[in-house]
Structure formats: C-alpha cells, structure tokens
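Below is one structure; the comments refer to it alone.
The values are calculated or read from the model by the stated rules, or taken from the named source; none is laboratory data. What you see is a predicted model, and the numbers here were worked out from it, not measured in a lab. All Cβ positions, glycine included, derive from the backbone under ideal geometry; neighbour counts span all protein chains shown. What goes into the accessible areas is simple: the full protein's heavy atoms, side chains included, and nothing from ligands, DNA or RNA. Shrake-Rupley method; radii C 1.70, N 1.55, O 1.52, S 1.80 Å.
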Amino acid sequence: MTVFAAIHNWIQRWQEKRTSRYILCTVLTGIVLTYFVPLIMASWSLYESRTMLFELLTGPEQHVAAMQLEEIGFVEVSGKRYGDERLKGFQILDADNYVIDPASATALILSSDVPTWAPAWLLQNPNMAIGVTALAIFWCIISVFLGLFRTMLYAVFMACFAFLLSRLFGFHKLAFTLTSICVLAYSYQLCLKLLQSLLRSPRQVPSVARGVLVEATRTKLSLAFITLLLVLLPTIPALIDAESPLRHQIQTMLSRSLGVSFGIAAFLTVFLGCATIAFEIRDRQIWQVLTKPVGKFGYIFGKWLGIATLNLAILTIAGISIFLYLQFLRTAPVAPGVQGELDRLAVNEEVLTARVDATPIFEELTNEQVAARVEALIEADPDLRNEESIQVQLRQKLREDVQEQHLAQQRSIPPMRGGVYAQTYTFTGLEHAKKMGTPLAFKYRFHIGQSDEHETYEAGFAYNGDMGTRHSVRYIPTMTHVTMIPAEYIKDDGTLDISVYNLYEPPPTYMGKGTMSFDKGGIQLLYRVGDFEGNFFRAIIVLWIKLAFLAALALSSSTFLSFPVACMVTLTIFVSGTLAPFLAESLEAYFPPATDKVDFGNLAHIIEWSFENVINSIANIIVWLLDGFGTLRPTDNLVNGMLVSWSSVLKGFLSIGLAWSGGAMIIGTIVLQKRQLAIYSGNG
C-alpha cells in the first residue's frame with residue numbers, strides 16, 4: 001500500500017506541471033490518431049467505393065455490371081475491381097433485368113474490402129469516424145488540463161480489468177456493461193468538473209450555481225440518483241432481446257434509455273431543487289448568503305443555473321452514450337433472407353431518421369349542410385321534436401356526429417360483390433419528398449368484420465389511377481402495416497392519389513358484412529425530411545428545457561413550503577403536466593349533468609352535480625395550464641422516426657423555458673422579498 005500511495009501521489013504531482021501536461025496531451029493525442037487515422041481513411045475509401053458502386057448498380061449500365069459479377073465475381077469501377085471469386089455465379093437481376101436490391105448488392109460486393117480490425121459502425125460514415133476521433137482527443141486533453149489524468153488512468157484500468165475478467169468467464173454482456181459503467185462514471189465526473197471550472201467566477205450568480213454543483217457531488221440523495229443512472233444506462237442494452245427484429249431492438253433501446261435518463265434526472269431535479277433552498281432556510285444558512293451582495297432573484301437564478309447545468313451534464317453524457325450505442329446497434333446482424341433486409345431498411349427509413357406525416361384530404365360538409373341534417377334528425381326523433389328547447393351542448397354534439405358520420409363514410413370501402421370497390425385518397429404537399437427521392441412509407445391500419453387479429457385479409461393499392469401500379473397486400477385487422485412507395489410516383493405538383501381496394505369477398509350468407517374501414521388517422525404517408533443525428537440533438541434540447549422548468553418550479557415551491565410539501569407539490573404538477581394530453585382526450589367525451597336537468601330538491605343530485613362540475617373545472621384548468629408541457633414528447637418522436645422540428649424546440653423554449661420558468665422564479669423572488677428570513681434579537 002505504501003508503494004501504491006507513493007505512485008499515486010507522484011502521478012498527481014507530476015501531472016500538475018505544465019510541461020507534463022503538454023507531454024501527456026501529445027502522447028494521448030498520438031495514441032488516438034494512431035488508431036483512428038487509418039480507420040478514417042478506410043471509412044472514407046469505403047464510402048467513395050460504396051457511392052460509385054451504388055450509382056453503377058442503379059444506373060443504365062446495371063445490367064452489364066450484374067452480368068460481369070455473375071461471370072467472374074468482380075465488378076470494375078473507375079479502373080478498380082471490387083468483389084470476390086466466391087460471388088461468381090451470384091445473380092442480382094430480376095426478371096426485368098433490374099438489380100433487385102442495389103444497397104444489399106453493394107454491401108455484398110464490398111464485404112471483402114471491409115477491414116476486420118475496425119468496428120463496423122465506424123466504417124459506415126466517415127463523418128462519424130471523424131466525430132468520434134475529435135471526441136476522444138477532446139476527452140483526453142480536457143482530462144489532462146483539469147487535473148484528472150490520474151482518475152482517467154484508474155477508470156481505464158478498471159474498465160479493462162472488468163472487460164477481460166468478464167470475457168474470460170464467458171460473460172460477454174456483463175463485460176460490456178461493466179466497461180460502460182466505468183467509462184460513463186468517469187465521463188460524468190469529467191463533464192461536471194469542466195462545468196464547474198466554467199462557473200468559476202466571483203460574480204454572484206455563477207458562484208451560487210457552482211455551489212449547487214458542489215452540493216450535488218456531496219449530497220447522498222444526489223449521489224444515489226447519479227449512481228442509479230450510471231448503472232442502469234449501460235444495463236439496458238444487455239436486457240434487450242437479441243432475437244427480436246433489429247428495428248424493435250433499436251426502438252426499445254431508444255425508449256428505455258431516454259425514458260430512464262429523463263425520469264432519473266427529473267426526480268433528481270425535484271429533490272435537489274426543493275432541498276437546496278428549503279434546507280438552507282431551515283438550517284439558517286441562507287442568512288450568510290443573503291447578507292452578502294446577492295439579490296433575491298440572483299440567488300434563485302443562480303440555484304436554477306446550477307441545477308440546469310447539472311441536468312446538462314447528465315443529458316450530455318447519457319445522450320452521447322445512447323447515440324454511440326445506437327450507431328453500433330444499427331450494424332448488428334439481421335435475419336437471413338428478404339425479411340432481414342426489410343428489417344434493416346426499416347431501421348434506416350422508419351426509425352433512425354426524421355420524418356413528417358401527411359394525411360389525406362377529406363370532403364367536409366358545409367355549415368348549411370350540417371344544420372340541415374341536424375334539423376332532419378331532430379324532426380325524425382319524437383323525443384327531441386317535442387322538446388321546447390334543444391340544449392346547446394346536445395345540438396353541438398349532433399353537429400359533430402353528423403360531420404363524423406360523413407367522414408366515416410369516406411373511410412369505409414364495401415366488399416367485393418360482383419365488382420371491386422375502392423376509395424381514392426389524395427395527399428398534398430409532397431414536393432420536398434419528391435425532391436429528396438427517398439421512398440415514402442404508407443402506414444395503414446384497417447378494420448373489417450369482427451377485427452379478429454387471428455385472421456388475415458387482402459387489400460389492394462394503386463397510385464394516381466394507373467392500374468399498372470396496382471398491387472395487393474395481406475393485412476391483419478387492428479394491426480399497423482407499412483408499404484413503401486417510390487418517390488417517383490409523386491406528381492409534379494406535389495400530390496399523390498392512392499386508391500385503396502377492398503379485395504375481400506364475403507360468403508353469400510354474409511349480407512351487409514365485410515366492409516373495410518379505418519379510424520381517423522388510420523392511413524398516413526411518412527417521408528424523410530432530415531437525418532437522425534439532428535433529430536436526436538433537438539430531442540435532447542427539448543428534454544433539457546422541460547427539466548429546466550421543473551427546476552424553476554421546485555425552487556419556487558421551496559421558498560415558502562417545507563421540503564416534503566414542496567416535493568409533493570412539484571411532483572404533482574409534473575405528473576399532471578405529463579398526463580395533460582391524455583386528460584384532454586378524456587374531457588372530449590365527458591359531459592357533467594346540465595343545470596336544468598338537476599333536481600335541486602334532491603340532495604344526492606345536488607352533490608353529484610356539484611362534484612362532477614368541480615372535477616370537470618379542475619381538469620380543464622390543468623389541461624389549459626399544463627397541456628404544453630405534456631404535448632412535447634420528443635422521445636416518442638425519436639422512437640417512431642418522426643421529426644422534432646426547430647419550431648417545436650423554439651416554441652418549447654419560449655413557453656416552457658422562458659415564460660414558465662421565468663414566471664416561477666419571479667414568484668419565488670417575490671416570496672423571498674416578502675418573507676422574514678431572519679430576526680435580530682438585539683442581544684450580542
């Protein structure tokens with residue numbers, strides 16, 4: 001132990017010298033570049049070869065290239081040969097002499113050129129390899145200049161030891177988990193140390209914020225949450241079913257990892273935010289702070305800045321680790337055959353992307369048509385016809401029912417009875433999708449008969465009235481299916497007509513049955529408008545904005561409430577805001593008893609009427625106040641490959657990050673100004 005302590009102290013003293021830091025930075029940068037420069041060159045070479053081969057296999061000379069591959073197993077592009085003798089006799093052409101799957105054929109031809117010493121996910125994109133290289137160099141240099149080289153050595157040693165020991169006993173998943181825990185723990189400490197150094201200032205707000213970061217590293221409650229996150233995050237990949245389709249693995253990884261990271265950060269924010277002020281007031285430490293030249297708002301804003309900075313460190317480390325593992329996971333093997341290739345295509349086109357949706361245009365009734373049909377319904381119903389006055393709510397409900405029935409007729413397609421029936425739906429605003437040229441995903445979920453999920457039915461699709469594009473699909477009722485549509489089908493004006501055919505022919509005894517229908521939003525066109533990298537970055541920003549509001553709310557509550565009560569109030573508002581969108585949907589179908597229907601001579605009726613109206617009012621207030629918090633769900637967008645737009649980020653920043661958070665801190669400032677925090681006794 002004496003020798004170890006001597007080495008430990010010598011490393012610490014040596015790394016504090018300026019020349020030692022320059023030497024360490026040079027050596028560590030050299031080690032990183034020695035490994036990554038050949039990797040970047042290999043990745044760039046593969047990228048260029050992949051681009052040229054794909055253009056060849058999709059261009060006018062694809063037939064010649066395919067025949068050359070079948071005859072000799074090689075393809076020549078720009079004077080260079082690609083392929084392998086084992087590919088001799090391999091056919092990649094369909095009956096029309098077109099390459100069946102150019103992307104898979106390109107990967108197959110280049111398979112012998114892929115270096116086995118480099119991770120496959122770093123060879124997919126040279127920009128990714130360059131980014132990881134820059135991150136590794138930055139990680140090493142910052143570790144040296146922040147005086148954490150010794151800690152980095154211990155973390156690397158522990159990670160290597162855990163990895164080798166676990167692999168020795170055959171625990172491959174455990175090896176990855178333990179290694180990741182060591183790397184994440186050190187990376188979190190490094191990020192926190194960097195942020196603390198950035199807040200090293202004599203000014204009041206940075207000083208208070210830095211104190212919160214120091215408190216977060218010493219408080220047992222904060223350390224417990226951080227430890228839980230650093231252990232759970234690397235454990236999630238080990239719990240994913242490796243036998244499930246790759247797209248499901250990636251969606252599960254995204255959902256669980258981001259959900260766990262945000263959930264733990266949210267609870268840490270609530271408890272730390274409520275504790276940092278409530279305990280200082282209880283223990284009278286706030287006397288020492290506010291007697292200094294620190295304003296009330298500066299005090300609260302500094303606390304908020306400290307918690308927001310802590311959440312920035314958590315989301316940065318969690319985000320980088322999740323993103324890098326997803327890049328590794330996307331290159332994982334898939335099932336053999338066409339099903340596996342479709343699975344990999346779904347990963348790139350439906351999950352790790354940024355898409356928007358388009359819905360068809362339906363014909364709606366005019367106000368005059370709706371009013372006429374409502375009056376006809378009232379006249380046809382004896383109970384309603386004899387009413388002297390129809391309630392406003394009931395009349396509005398009838399108007400909505402009439403409009404919905406008209407729309408439902410357009411979403412229904414009769415079965416085959418002496419002919420094939422179809423409905424044509426027009427999608428507009430697809431100019432960007434046509435320009436991008438990537439396939440569109442037609443997403444549909446049909447109902448038919450009893451909607452038995454153990455049965456399959458047949459439907460048909462045709463595009464722009466061209467019967468040459470007609471094809472049939474098999475579907476299971478109530479389940480979502482996806483059909484890919486080439487972007488070339490989009491018209492020049494950005495519209496696309498999709499005709500949906502009901503190919504089910506019921507038995508003669510099933511009169512009036514077999515109609516195929518879908519709910520509102522049951523058919524959608526999804527198309528790419530951006531990449532996953534930018535989408536993931538914007539999602540992390542939105543999560544940070546929501547945590548920033550939670551911090552402001554916790555700090556404001558703790559200015560006038562005790563720690564447990566402040567936690568309860570903040571968590572209640574947090575849960576209410578999260579559930580506000582679901583509550584809004586429930587309120588659409590909830591109608592409390594009307595006043596003119598209540599028998600005020602019956603106490604039970606009065607209690608029921610009062611209770612339901614109070615509950616309805618409270619629920620509407622919650623939705624009105626907090627619906628904006630719950631509707632921002634970036635994790636759901638990422639899992640489904642949907643776009644998290646900059647407009648939604650800006651809207652969240654202005655409403656939640658600026659208005660709500662600022663309002664909460666202003667309320668806390670007013671409370672502190674009105675509250676008598678210290679009383680001078682006049683003695684001593």
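Here is how the numbers come out for the structure above:
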item	result
Enumerated helices (runs of 4 or more DSSP H) restricted to segment 215-326, each holding at least 3 residues that are open to solvent by 50 Å² or more (accessible area, probe 1.4 Å) and either free of Cβ contacts under 8 Å to residues at least 12 places away in the same chain or touching an Asp or Glu at 6+ places or on another chain (Cβ under 9 Å) (or both)	220-238, 246-282
Among the residues listed as ILE485, ILE476, the single one being open to solvent by 40 Å² or more (accessible area, probe 1.4 Å) and either closer than 21 Å to GLY521 by Cβ or at pLDDT 90 or above (or both)	ILE476
Scan of segment 617-643 for residues that are open to solvent by 30 Å² or more (accessible area, probe 1.4 Å) and polar (S, T, N, Q), ordered by number	SER617, ASN620, THR631, ASN637, ASN640
Qualifying position, being open to solvent by less than 70 Å² (accessible area, probe 1.4 Å) and on the phi > 0 side of the Ramachandran plot, among GLY437, GLY418	GLY437
Considering residues of segment 112-134 that are assigned to a helix (DSSP H, G or I) and hydroxyl-bearing (Ser, Thr, Tyr) only, the residue modelled with the lowest pLDDT	SER112
Hits in segment 14-27 - residues which are assigned to a helix (DSSP H, G or I), in contact (Cβ under 8 Å) with a residue 40 or more places away in the chain and open to solvent by 30 Å² or more (accessible area, probe 1.4 Å)	ARG21
Residue match in segment 37-58 (condition: at pLDDT 80 or above, surrounded by fewer than 16 Cβ atoms within 10 Å (Cβ to Cβ) and over 30 Å from ASP343 (Cα atoms))	yes
Single residue of segment 79-111 satisfying the filter (within 15 Å of TYR47 (Cα to Cα) and surrounded by fewer than 14 Cβ atoms within 10 Å (Cβ to Cβ)) that is modelled with the lowest pLDDT	SER111
Only listed residue being more than 39 Å from the chain's Cα centre (by Cα), at pLDDT below 90, of a type in the set (A, V, I, L, M) and loosely packed, with under 12 Cβ neighbours inside 10 Å, chosen from ILE11, ILE7	ILE7
TYR98, sole failed condition from (1) out of contact with any Asp or Glu (no Cβ under 8 Å at 6 or more places or on another chain); (2) within 30 Å of ILE31 (Cβ to Cβ)	(2)
Scan of segment 193-204 for residues that are open to solvent by 30 Å² or more (accessible area, probe 1.4 Å) and in a helix (DSSP H, G or I), ordered by number	LYS193, LEU194, SER197, LEU198, GLN204
Residues that are closer than 18 Å to THR359 by Cα, among the acidic types (Asp, Glu) and surrounded by 13 or more Cβ atoms within 10 Å (Cβ to Cβ), drawn from segment 491-537	ASP497
Pair list, Cβ under 6 Å, 6 or more apart: segment 521-535 residue touching a residue at least 24 places away in the same chain (Cβ under 8 Å) and closer than 13 Å to PHE323 by Cα, other residue open to solvent by less than 50 Å² (accessible area, probe 1.4 Å) and among the aliphatic types (A, V, I, L, M)	PHE532/LEU352; ASN535/ALA354; ASN535/VAL644
Every pair of residues 6+ apart whose Cβ atoms lie under 8 Å, when the first sits in segment 452-469 and is more than 24 Å from THR426 (Cβ to Cβ) while the second is surrounded by fewer than 11 Cβ atoms within 10 Å (Cβ to Cβ)	THR456/ARG474; TYR457/ARG474
Test for TYR188: is it over 28 Å from VAL294 (Cβ atoms), in contact (Cβ under 8 Å) with a residue 40 or more places away in the chain, part of a helix (DSSP H, G or I) and open to solvent by less than 100 Å² (accessible area, probe 1.4 Å)	yes
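Yes/no matrix, rows are residues, columns are (1) of a type in the set (S, T, N, Q); (2) closer than 30 Å to PRO360 by Cβ; (3) touching a Leu at 6+ places or on another chain (Cβ under 8 Å):
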| position | (1), (2), (3) |
| --- | --- |
| LYS520 | no, yes, yes |
| ASP531 | no, yes, no |
| LYS546 | no, no, yes |
| SER558 | yes, no, no |
